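Student: Encoded as structure tokens, here's the structure I'll be asking about.
Coordinate-derived values only; no laboratory data. In this text, all values refer to a predicted model and were calculated from it rather than measured experimentally. Positions of Cβ are generated from backbone atoms using ideal geometry, with glycine treated the same way; all protein chains shown enter the neighbour counts.
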Amino acid sequence: MGINFLSFGSALPQGTVTNDDLSRMVETNDEWIYTRTGIKQRRVAVTESTVSLGTEAAKKAIEKAGIDKDEIDLVVCATITPDTNFPSTAGMVRQAIGLRDIPALDVFGTACAGFIYAVSVAQGLMATGGYKTALVIGAETLSKITDWTDRSSCILFGDGAGAAILGSGEGRGIISYHLDGINDVDGYLLCRLPSSDSPFYKGEKVDYTKMQMNGNKVFTFGITSVINGVRQMLAASGLTADDISWIVPHQANRRIIASAAHRLGIPEEKFYVNIDHVGNTSSASIPIALDEMTDKGLIKKGDKIIMVGFGGGLSAGSLLVEM
Ligand code: COA
């Protein structure tokens with residue numbers, strides 16, 4: 001018995017912002033962005049919300065799994081851009097889809113490692129709590145926390161959602177996972193909430209509530225995270241890189257992926273990359289990639305896949321699954 005990925009689904013908002021569009025907003029150009037990041041365009045919410053994108057991705061995953069929605073007995077959603085403090089995004093999606101009255105919780109703050117964290121939480125609850133079928137979502141509207149006047153960060157991010165159905169059954173399914181948390185004392189990557197406006201509060205005042213990033217530091221962290229994540233999964237399973245069909249890394253920067261592949265001595269073609277048309281969608285990035293791969297027929301039964309997420313927190317996580 002294992003915990004298996006039964007399906008994936010994804011949703012992207014209507015808006016498309018090309019590098020040329022950005023060059024009319026900040027001092028940049030298509031060539032600089034593409035050569036430094038591998039990004040050509042990203043999708044941005046026009047009327048969509050984190051909940052609406054998460055709901056669309058979840059509906060597609062349910063349809064592709066061929067299950068009745070009443071079979072789902074747990075919802076876990078990773079996000080750093082919820083629409084509400086509460087209810088949880090997972091709870092709002094549960095209501096929007098018309099699921100039963102089942103537990104729904106968010107994994108908040110683990111940013112681009114969020115999907116790996118959410119799957120790990122769902123897997124733990126399924127293994128010990130008796131849940132049989134879980135809906136796991138990564139949903140983001142990063143455009144609302146992006147500083148569209150900061151050319152060093154606004155070029156990277158996009159909106160979107162990805163979802164997966166996890167089911168317990170035959171097959172090995174999830175073989176191993178590893179979660180990492182690293183103190184980000186210097187604030188390499190963070191997004192603050194507004195400070196309290198309570199009449200009693202006398203502490204620090206926070207006005208700037210957009211994403212802040214030290215690109216060079218995060219770049220190095222990204223490469224290290226992908227290398228460590230892949231090595232951890234191989235060491236934990238006794239497999240070699242030749243046994244792995246695909247590595248699905250968080251889509252942060254094509255050069256991070258290329259550099260990690262080179263240092264690992266694994267052909268870059270084994271790393272799935274879709275950053276050119278979606279940019280960095282944080283917790284949604286890995287499930288959007290997996291859904292695309294499934295639609296293209298790139299994933300076969302029995303394939304072993306390593307997923308690696310990394311980002312704000314600082315947080316990182318890797319997961320090895322047999323499909
Ligand atoms: N267009 C044109 N020039 C730009 C620019 C842009 N969008 N952004 C920065 N520059 C300039 C800088 O001002 C700097 O100019 P200077 O040399 O005159 O000072 C120069 O380009 C080089 O900047 P640098 O920051 O060293 O570039 P880089 O090659 O490191 O690329 C990032 C910057 C942000 C693309 C890169 O560091 C990165 O992707 N980091 C990881 C970010 C990430 O993945 N975050 C999310 C993690 S989950």
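Student: Using only the alpha carbon atoms of segment 14-164, find the Kirkwood hydrodynamic radius as the inverse mean reciprocal pair distance, in angstroms to one decimal. It would help to have the intermediate numbers written out before the result.
Tutor: Details: mean 1/r = 0.0611 Å⁻¹.
Kirkwood hydrodynamic radius for segment 14-164: 16.4 Å.
Student: Taking the Cα centre as origin and putting +1 on Lys and Arg beta-carbons and -1 on Asp and Glu beta-carbons, what dipole magnitude results for segment 34-93, to the nearest 20 debye? Could you put the intermediate results ahead of the total?
Tutor: On the way: 8 positive and 8 negative charges, 125 e Å.
Dipole about the Cα centre, nearest 20: 600 debye.
Student: Separate question: Of the DSSP beta bridges with both residues in segment 8-139, give the percent that are antiparallel, rounding to the nearest 5.
Tutor: Numbers: 4 of 14 bridges.
If we restrict to bridges inside segment 8-139, about 30 percent are antiparallel.
Student: Just subtract the alpha-carbon distance of ASP197 and ALA258 from 0.36 nm times their residue separation and send over the number in nm, one decimal. Walk me through the intermediate numbers first.
Tutor: Working: separation 61, 0.36 × 61 = 21.96 nm, distance 4.54 nm.
Gain on stretching ASP197 to ALA258: 17.4 nm.
Student: 222 nm [θ] for the chain, helices only, -39500 (n - 2.57) per DSSP H run of 4+, per residue, to 500?
Tutor: Details: 9 runs with 103 residues, N = 323.
Roughly -10000 deg cm²/dmol at 222 nm, from the helical runs in the chain.
Student: So in segment 64-151, what percent of DSSP beta bridges are antiparallel if you round to the nearest 5?
Tutor: In segment 64-151, DSSP labels about 0 percent of beta bridges as antiparallel.
Student: Given TYR177, GLY158, LEU142, which one lies farthest toward the positive end of the charge dipole of segment 120-181, if we put +1 on the Cβ of every Lys and Arg and -1 on the Cβ of every Asp and Glu?
Tutor: TYR177
Student: Calculate the translational D of the chain in whole µm² s⁻¹ from Stokes-Einstein, where the hydrodynamic radius comes from the Kirkwood formula applied to all Cα pairs, the temperature is 25 °C and the viscosity 0.890 mPa s. Could you put the intermediate results ahead of the total?
Tutor: On the way: Rh = 19.6 Å.
Once the numbers are plugged in, D ends up at 125 µm²/s.
Student: Using a Gaussian network model of the chain whose springs link C-alpha atoms within less than 10 Å, name the residue from ALA11, ALA161, ALA139 with the highest mean-square fluctuation.
Tutor: Checking each option, the largest mean-square fluctuation is seen for ALA11.
Student: Let me ask you something else. Just PHE200, PHE310, PHE108 to compare: in a GNM of the chain, with alpha carbon springs under 10 Å, which one fluctuates most?
Tutor: Among PHE200, PHE310, PHE108, the largest GNM mean-square fluctuation belongs to PHE200.
Student: Which links in LYS270/LYS301; LYS69/LYS304; LYS64/LYS300; LYS64/LYS144; LYS64/LYS301 stretch past 21 Å when you go from one Cα to the other?
Tutor: Working: LYS270/LYS301 17 Å; LYS69/LYS304 27 Å; LYS64/LYS300 15 Å; LYS64/LYS144 30 Å; LYS64/LYS301 15 Å.
Too far apart for the 21 Å limit: LYS69/LYS304; LYS64/LYS144.
Student: Where the convex hull is taken over the Cα atoms of segment 123-171, what is its projected area averaged over directions, in nm²? Walk me through the intermediate numbers first.
Tutor: Details: hull surface 20.4 nm².
Projected area, direction-averaged: 5.1 nm².
Student: Counting every Cα pair in segment 135-268, what percent are over 23 Å apart? Don't jump to the answer; show the numbers that get you there.
Tutor: Values: 4682 of 8911 pairs.
Beyond 23 Å sits 53 percent of the P(r) for segment 135-268.
Student: Just to be sure I follow the definition: excluding the sites themselves, where is the longest run in the chain that has none of the trypsin sites (Lys or Arg not before Pro) in a DSSP loop with at most 12 other Cβ atoms within 10 Å?
Tutor: Details: sites that count: ARG24, ARG100, LYS202, LYS205, LYS296, LYS300, LYS301.
In short, 101-201.
Student: A follow-up question, please. Would you be so kind as to identify which of ILE227, SER318, LEU189 lies farthest towards the positive end of the dipole of segment 185-323, taking Lys and Arg as +1 and Asp and Glu as -1 on Cβ and the Cα centre as origin?
Tutor: LEU189
Student: With helices defined as uninterrupted DSSP H runs, which ones in the chain have an alpha carbon span along their own long axis of at least 18 Å and mean Kyte-Doolittle hydropathy of at least 1.0?
Tutor: TM-like helix candidates: 114-129.
Student: Additional query: Let me spell out the model: positive unit charges on the Cβ of Lys and Arg, negative unit charges on the Cβ of Asp and Glu, origin at the Cα centre of segment 245-323. What dipole size does that give, in debye rounded to 20? Don't skip to the answer; put the middle values down first.
Tutor: On the way: 8 positive and 8 negative charges, 44 e Å.
With only Lys, Arg, Asp and Glu charged at Cβ, the dipole is about 200 debye.
Student: OK, next. Can you pull out the chymotrypsin sites (Phe, Trp or Tyr not before Pro) in segment 208-267 that DSSP calls coil and that have at most 11 other Cβ atoms within 10 Å?
Tutor: On the way: sites: TYR208, PHE219, PHE221, TRP246; in loops: TYR208.
Listed in order of number, the matching sites are TYR208.
Student: For segment 199-323, what does the alpha-carbon gyration tensor say about shape, rounded, prolate or oblate, given a ≥ b ≥ c as the root eigenvalues, a/c under 1.5 as rounded, and a/b over b/c as prolate?
Tutor: On the way: a/c = 2.19, a/b = 1.92, b/c = 1.14.
It is prolate, given that a/c is not under 1.5 and a/b is the larger ratio.
Student: Can you tell me how much longer the chain between LYS217 and ALA127 gets when fully stretched, taken as 0.36 nm per residue apart minus their C-alpha distance, in nm with one decimal? Present the calculation step by step, with values, prior to reporting the outcome.
Tutor: Working: separation 90, 0.36 × 90 = 32.40 nm, distance 3.68 nm.
Full extension from LYS217 to ALA127 adds 28.7 nm.
Student: Another question, if that's okay. Using +1 on the beta carbon of Lys and Arg, -1 on that of Asp and Glu, and nothing else charged, what's the dipole of segment 163-294 about the Cα centre, debye to 20?
Tutor: 360
Student: Now for a separate question. Using alpha-carbon pairs under 8 Å, 6+ residues apart, how would you state the relative contact order of the chain in percent?
Tutor: Result for the chain is 26 percent.
Student: What residues from segment 108-135 fall in the zone where the backbone N is under 12 Å from a label point 7 Å along the Cα-to-C-beta line of LYS296?
Tutor: None, by backbone N distance to the label point.
Student: Would you mind calculating the gained length between GLN14 and ASP68 on full extension (0.36 nm times residue separation, minus the Cα-Cα distance), in nm to one decimal?
Tutor: Values: separation 54, 0.36 × 54 = 19.44 nm, distance 2.83 nm.
Between GLN14 and ASP68, full extension yields an extra 16.6 nm.
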